[in-house]
Structure formats: structure tokens, C-alpha cells
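Heads up: the structure comes next, in C-alpha cells.
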Amino acid sequence: MKGFDFLKYKHAPEQPSQMAPILPEQIYKQGVLELQDVIAPSALKITPREINLGDKIARTFFVMSYPRVLTDSWFGPIINLDRVLDVSIFIHPIDSAEILKKFQKKVAEVQSQIMAREEKGMVRDPILDTAYKDLEDLRDQLQQAQERIFDVGVYITIYGTTVEDLDKAESEIKSMLESRLVYVKPALFQQEQGFKSVLPLGHDELGVNSKLNSSPLSSIFPFVSFDLTSDKGILYGVNRHNASLVLFDRFSLENYNSVIFAKSGSGKSYATKLEILRTLMFDTEVIVIDPEREYEFLSQTVGGRYFNISLNSENHINPFDLAAPREDESPADVLRSNIVALVGMFRIMLGGLTPEEDAIMDKAITETYALKDITVDSNFAEIEPPLLSDFELVLAGMQGSESLVQRLSKYTKGTWAGFINQPTNVDLNKKFVVFSVRDMEDDLKPVAMYLITHYIWNAVRKNLKKRLLVIDEAWWMMKSDDTASFLYGMAKRGRKYFLGLATITQDVDDFLKSPYGLPMITNSSIQILLKQSPTTIDTLQKTFNLSDEEKYLLLESDVGEGIFFAGLKHVAIKVIASYTEDQIITSDPSQVLALKRARTEGSAQ
């Protein structure tokens, strides 16, 4: 093969009749392997439609036809295919003076055809009119040096182990391109020249070119990075592809929800606190469920409220509270919804309920409200709701409730009595409110998080405001079907109440094991993936349909780096904070200790 020897055989030189001595240098050269010998396949077979390269088969195509208008990055989907392929784009400049002479002749031909049709009284041909206008416009641009003309050849070589693999890949590529009115053909009986053309040698041996001017030629450039820069919103970070700013407003999307997945120490809480700090500047109320007491200093800095929910805390939430109905709701709907939510909470508290116990609990809750004269005709804003101990009294008088009362007693008389059997004494009358559950026992954390989210949900439905609810370490709530179901319901219905739900987790497996895990992701318009561990990356790659390059990007990212998904676009992002922001939101233990020491020394002085 000219230009590239795939197989190179070395033979000893023919010996003349009188035997000449063979020099050591000749013997050495015969045994030396060159680069071509190393990279050449073990066998080579050229057929009209493909080339067999050892255990691989290659097939080369060329682009033969383009539409009248090419959109930007139309070639990008081919580059991003999850297949092994080689692409060569050959661009041969054409002298503008030479092409202008041909244009003049072509314009004259088209104009004469139009005039001939007019003289014959024929209906004008829109195709000729469009061609004439395009030619004139392009000729003007060429004369003004705004455009240039090029001979362009685009060649694609695909690889497979069988002919069936190649046929499937060919069908996939053709369907993607033909949907954009771009047509390709295999290089029949020219596979050798086609394969040489895609090798990194820079030789256009196929020579199948189309004339394109500068504008459509630029659309072939396949490596186009998305920008997520809008006129409003907050700064999430910097686009690592082109250093542009990732400015986005979650409340401009179809829903306002987001999910963040990252391994421990990769910057997920840092990124979330940065978003909260910037969101507060845009008249948005933010509520956080904090499992590790990471948001306390932030709440103090911005003048928010911080509630510690634990067995010994002075902050309490009564699950029997009823929200005042909205204008589009009836008291019966609010009461019924609260009863259903309470049954779900008791299911978590008591370690599950049988169908019979479920019915008993439902009836007991209804009778507990009735005991306090709370009916569908009551004014919920003026009532005093019952407590858990009131419910226990009603439940104890019902047949078949012995086991339920026994299991419930630890929440009313036992070690857990101070947690839930108290009137509510918290409120959401600040722009930034944090509920901490760090000091809550692990067994009670799902109950506490369910109770808090239910209280927040009632408050959200009561007054329509722009709000963001952040649930850190959301996998705690995904462990139970009841809490996961309630969280999913908030994600689905939150848009109606101007609520954005941000869920953050490091335990990807626990989150996705829940039947509500994947629906939560699909109901989130913003998804942020930061640095991942090798044990979870394959699950994430399958869930988010990541390419191998994106997979390795997440494995090799530094703290605060990852991929930001918003709607149909996604970019590689680096989260960046100013010095002042960093001092407020940092979670690095060494920095936190240094800040505490500095504040202590400052107060002492």
C-alpha cells in the first residue's frame, strides 16, 4: 500500500554465483523491527465495503450531501457516540478570485433560466429564485471578504468485531445525520483510500469534497461546549471547558428541584452553602434540614434561626398541628391529608403496621381530633391541637390496640417522651431557618426528618413565597418508604407552591435502592455530580447516562469540581467562592478551628 506498509517482509538479498561475504551490519539490519512492523496488524484483507485489520473490521464513509442550512454543532452527536470511530475533516481553501469567476457564470445561467421561464409565461420556480438569491448574497460576501469558499471532505471510519456490528453502527450514524438532511455513503471499492485518509498522516486520498463557505464550515467543528450563562440567577461556578460563568436561576426551569451526589469531602455541603448564601440575596427564603450541624455558623452570620431538634432540646414540633386551609382547599382536605401523614409517621415510629393496625391508627387519629372538637367545620387557626398523649388515651380504649399502645409508650412515657409529646414552639418567620438533627439518636433521625418536613410542608402551603428547602444527607429519608414517598410528593407538588427542593447525599446506593430514588432524580431539573468514588461511579454512569470521559472526569476531579446538569444541558463545573464567602461557609476542620480561635481571641481583646 502506497504511503503506509501494513505488512513488511524482509528477505535476505539474493546471492551472486560467487558467494559474497555477509557483513555483520547487514545481519543486524535484517533483524531490527521498525515502527511499521510493531503497529501493523497481523493480517489485512480489503473488500469493497470494509477492511479486515486482524481481529477488527473497519468501514469508511464520506459525507456526500448537505442541506441548504446547517445548524451549529450538528456533528457533535456523532463525536459523542459511545463507539470507537475515527473522523478526518479536510479543508482545502479555494482562491476567492477564481471562485468569483465561476459564480458570475453560474449567476448568469440561473438568471437566464428565470428569464426564459418568464418569456414563456410559465409559473416562477421557487427553487430557481432561492438559488439566485443565495448566489447573489454569497457573491457579495465573497467580494467584501466576509466569506471564503473551501473544498471540504468529511470522512468517518467505524470499527467492529463483526459485519453485523458495523451494519448496526452504520444505521445509527445514518439515522442521526439524515435527520439533519446530511447524507453519507460508504466508500465502495475505495476502502483502502478511505482508511488511509483517516489515519493521522494528513493525506486526503479519498478526495470526495463539497464546496462550503465559512459559516456552514464552522458548524462542522464538533467540540462545542455548552454555556449555562443567563441574564438572571446565581453564580454556581466556572465552566471548566471555556472558563465562562455558570449563571443559572433554578426558578426558571420546569421544576425547581435539584439533587447533588458526591463522596464525603468532595465539597457538596460547601457548594450548597454557597448557593444558599447567594440565593438569599434574591428575595428567597431558605430552609435547611441539617444532619451534621454544618449550617449553624451560616445561620448566625445572615441573621437566621437555628433550631436543634433532639431528645433534650427546648425546640418541639407537634405532629398533630393543622395548617389553615388555603383559598383553593377545604378544611376536610387538610384534615384528611394530615391524618394520612400521621399514619405514615406512626408506621416509621412503630417499625411498621399491619393492615389491621393501620385501620386502627386511622380511626384513633380521627377520634383524637374529635375529642378536641376538631372537625371539618372547625377554624384550624383558632384550635388547640391534641398531643401524642391524647392520642395514646384514645388508642388505649380501642379493641386490638394493646401492641400499638405498648410500642407507643416509649414516645409518651419512656426515654423518648420529650421529643414529640410537646406543643410546637418553632416558627419559620425568618428568611433563613435551619433545623439540626445531629444530636438526635440514629434510630429517631428518620422520624425527626419526617416530622420536620411535614411541618415545613404545612407552612409552605399556608403562604405562597419563593422558597428553597435543602435536605442534607437525604439518604436518611430514603431508607423508609414512607419518608421517601413523602419527599417525592413534595418534589412533585412543590412547584405549585413556589418551592424548590434540594436533596444532597453521599450514599448513592441507599438513595437509588429506594423505589423513589430514580423518580426523585427525574423530577429534578438541576443535577450536580461532584467527585465520586470508584465503588459508586458505575451506578451513576448508568443512571445519568454518562460517557466514559465524563465518568473519568468525576473520578479525577478535585474538591468542588464535577458536572452540572440543567435541563438538557450539562457542563463541567468548578465551584469558586470569594474569600469572604469562604470564611462563612467552609467545612474544612482546620479552617473551622482557626476561625473559632480567631473569634475567641477577638472577643477576649
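Here ALA364, ALA359, ALA341 are screened, and the one residue that is assigned to a helix (DSSP H, G or I), surrounded by 13 or more Cβ atoms within 10 Å (Cβ to Cβ) and within 35 Å of the chain's Cα centre (by Cα) is ALA341.
Here SER337 clears all of (1) farther than 13 Å from SER436 by Cβ; (2) among the hydroxyl-bearing types (Ser, Thr, Tyr); (3) touching a residue at least 12 places away in the same chain (Cβ under 8 Å) except the condition numbered (3). Evaluated against (1) of a type outside the set (Lys, Arg); (2) assigned to a loop (DSSP other than H, G, I, E, B); (3) in contact with a helix residue (DSSP H, G or I) (Cβ under 8 Å, 6 or more places away or on another chain); (4) under 20 Å from TYR455 (Cβ atoms), GLU314 falls short on exactly one condition, (3). Among the residues that make up the stretch 279-290, is at least one of them within 16 Å of the chain's Cα centre (by Cα) and among the polar types (S, T, N, Q)? No - not one qualifying residue is present in the stretch 279-290.
Residues in the stretch 185-211 that are over 23 Å from ILE94 (Cβ atoms) and in a strand (DSSP E or B): 2 in all. The residues of the stretch 558-585 that are over 18 Å from the mean Cα position of the chain (by Cα), surrounded by 19 or more Cβ atoms within 10 Å (Cβ to Cβ) and in a loop (DSSP other than H, G, I, E, B) amount to a single one, ALA577. The single condition among (1) part of a loop (DSSP other than H, G, I, E, B); (2) closer than 19 Å to ARG49 by Cβ that GLU147 does not satisfy is (2).
Number of residues in the stretch 531-562 that are of a type in the set (A, V, I, L, M) and over 25 Å from PRO519 (Cβ atoms) equals 3.
Kindly provide the set of residues from the stretch 494-526 that are polar (S, T, N, Q), under 17 Å from the mean Cα position of the chain (by Cα) and not in a strand (DSSP E or B), ordered by number. Within the stretch 494-526, GLN506, THR522, ASN523, SER524, SER525 meet the criteria. Here SER179 meets each of (1) of a type outside the set (Phe, Trp, Tyr); (2) over 30 Å from ALA566 (Cα atoms); (3) without any contact (Cβ under 8 Å) to a residue 24 or more places away in the chain with one exception, condition (2).
Here is a yes/no grid of residues against (1) buried (at least 24 other Cβ atoms within 10 Å of the Cβ); (2) within 30 Å of GLU327 (Cβ to Cβ); (3) of a type in the set (Gly, Ala, Ser):
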residue: LYS431; (1), (2), (3): no, yes, no
residue: ASP439; (1), (2), (3): no, no, no
residue: ASP443; (1), (2), (3): no, no, no
residue: TRP475; (1), (2), (3): no, no, no
residue: LYS479; (1), (2), (3): no, no, no
residue: THR483; (1), (2), (3): yes, yes, no
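Looking at (1) under 18 Å from the mean Cα position of the chain (by Cα); (2) part of a strand (DSSP E or B), which is the one condition that is false for ALA491? Answer for ALA491: the failing condition is (2). Residue count for the stretch 263-285, restricted to those that are in a strand (DSSP E or B) and either free of Cβ contacts under 8 Å to residues at least 60 places away in the same chain or not assigned by TED's automatic domain parsing to the domain that holds ILE573 (or both): 0. Looking across the stretch 296-352, the residues that are under 15 Å from PHE486 (Cβ atoms) and either polar (S, T, N, Q) or touching a Pro at 6+ places or on another chain (Cβ under 7 Å) (or both) come down to SER337, ASN338, LEU342, MET345, ILE348. Looking at the stretch 103-115, is at least one residue loosely packed, with under 12 Cβ neighbours inside 10 Å and of a type in the set (Gly, Ala, Ser)? Yes, the stretch 103-115 contains at least one residue that is loosely packed, with under 12 Cβ neighbours inside 10 Å and of a type in the set (Gly, Ala, Ser).
For the residues VAL288, VAL259, the requirement of being in contact (Cβ under 8 Å) with a residue 12 or more places away in the chain, more than 26 Å from GLN541 (Cα to Cα), in contact with a strand residue (DSSP E or B) (Cβ under 7 Å, 6 or more places away or on another chain) and of a type in the set (Val, Ile, Thr) singles out VAL288.
The values are calculated or read from the model by the stated rules, or taken from the named source; none is laboratory data. None of the values given here were measured: they were computed from a predicted structure. Glycine gets a Cβ as well: all are built from the backbone with ideal geometry, and neighbour counts include every protein chain shown.
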